[in-house]
1. Would you order LYS345, LYS37, LYS336 from fewest to most other beta-carbon atoms within 10 Å of each residue's own beta-carbon?
2. So what is the relative contact order for the chain, in percent, with contacts set as C-alpha pairs under 8 Å and at least six apart?
3. Please work out how much length the chain gains when fully extended from ASN221 to ALA138, using 0.36 nm per residue of separation minus the C-alpha to C-alpha distance, in nm with one decimal.
4. Checking the cross-link filter: which lysines have an alpha carbon closer than 16 Å to that of LYS306, excluding same-chain neighbours under 8 positions apart?
5. Counting other beta carbons within 10 Å of each Cβ, put SER185, SER284 in order, fewest first.
6. For the range 283-414, just the Cα atoms, rotate onto the principal axes and tell me the three extents in Å, largest first.
7. For helix 391-401, report the angle its Cα long axis makes with the longest principal axis of the Cα atoms of the chain; keep it between 0 and 90° and round to the nearest 10°.
8. Just grab the label-to-label distance for SER284 and SER160, each label 7 Å out from Cα along the Cβ direction, in nm (one decimal).
Amino acid sequence: MTISLQQSLFESVTLPEITPRDKAATGTSGTFGDNMKLPIHRWFRYSAGFSATWVKEVIRESSARAVLDPFMGSGTTCVVADELEIMSYGIESHPFVYRLAKGKLSWAESITAFQQTIAEIEDRVVRMRSKSLPEIPALLGKCYSSDALVELFKIREVYSKLAPALPEELNSLVFLAINAILRPSSHVGTAQWQYVLPNKRKAKVSTPAKALTVQALMMVNDMRHMQLAAKSSRATLIQGDARTLQGIPDKTIDLVVTSPPYANNYDYADATRLEMTFWGEIDSWGDLHETVRKYLIRSSSQHASKDRLELDVLLAEPVTRPIRNELTAVCRELEKVRGTKGGNKAYHTMIAAYFADMGQTFHALRRVTTSGCDVCLVIGDSAPYGVYAPVDKWLGELSLAAGFRCWSFEKIRDRNVKWKNRKHTIPLHEGRLWIQG
């Protein structure tokens, strides 16, 4: 069985259109949705991604020779840099998301080898005897029918046997392809945001086998498209920490394009919980802290609570000295409000830890960037428990303290304006923080 034979079985399948030319991305730099029409970018929809079209505009308008994304996510900046044949570095601390990014940046791998490997997986799955399901985690039981689970576990078993012998880039491609079919194969609500909604039912659900065929066909088409535009990937990916940027030489980066975690209590560790559960890397939500969260920038109350952070210690961090008075006032207010709320969430220590971490990130960025480097961060402000934190202003001041020359903020859109019955009515915004070396 080959990809071409599989394609003949699904001639009615229409792949998403490849956008023929770039469109203006004004107002959409913080969104990933448009990327789902772009080759390579559409392979896996990551909830925290941003616009590839906008990144391309920024890189083209610069004279950058080396681009860095210290919060790489699924690799948007590095893929765009490859399209433009520019050297790039991507740092990602989320171990699982890092592996997905490696898949996208393996687009230059042999198309034939990828086709043959997928075909072999499909063939072995068809010939494999049916097995009873093992004991499965509760999340998988809520998200899949028994038939879908049987098929998915067959795919996982065959891949696991083949993986040790596969070249690294080919392995990364196949691993990404399998992860990309997990949500389309579920009959419940599995939006790419962090939540899984077991009580929501989808109108259209694909079988895992069909989803894998469609995904592989799309990837093959995109690899051909990309390989016509560029000879090879020029990206260096590092599973590491934005607060240190270990592995990046001093003064080599002349453009930084990124979107750091927002200080709005989104648990980035939870973004791929379904996929990590499928691979047996975690059994439940409770496993996320040791497996993922402890490596990330501290931007969620779950992280602050698990680490048992102390506010006085955080506020004494030297790196936050430029904003200490304002930061202290906000954190003390959050500490006070916290006692009146049933959830009792640790927003006070979360906010203090977030800015300490981002202060360290700016110092690391100053080390690796050239004197004339431009830095652009897509960011949003925050108001936990209705207490406002001016994120763009504080990050700008921390960048100056790290040695950058100036900063400005460009608002893209309003946030917290469309939801009814929301808990607080503090107007928020999202935009681009521009920092110059």
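Since every read-out is calculated from the coordinates, none of them should be taken as a lab result. The structure presented is a predicted model; accordingly, all values stated were derived computationally and were not measured. Virtual Cβ from ideal backbone geometry, glycine too; neighbours counted across all protein chains shown.
1. Values: LYS345 19, LYS37 15, LYS336 12.
Placing the least packed residue first, the sequence is LYS336, LYS37, LYS345.
2. On the way: 782 pairs, mean separation 73.8, N = 437.
After rounding, I find 17 percent.
3. Working: separation 83, 0.36 × 83 = 29.88 nm, distance 3.62 nm.
Taking 0.36 nm per residue and subtracting the Cα distance, the gain is 26.3 nm.
4. Within the straight-line cut-off, LYS306 pairs with LYS294, LYS345.
5. Numbers: SER185 23, SER284 11.
Ordered from fewest to most neighbouring Cβ atoms within 10 Å, SER185, SER284 come out as SER284, SER185.
6. 47, 35, 33
7. On a 0 to 90 degree scale, this one is about 70.
8. Spacing of the two 7 Å Cα→Cβ label points: 2.2 nm.
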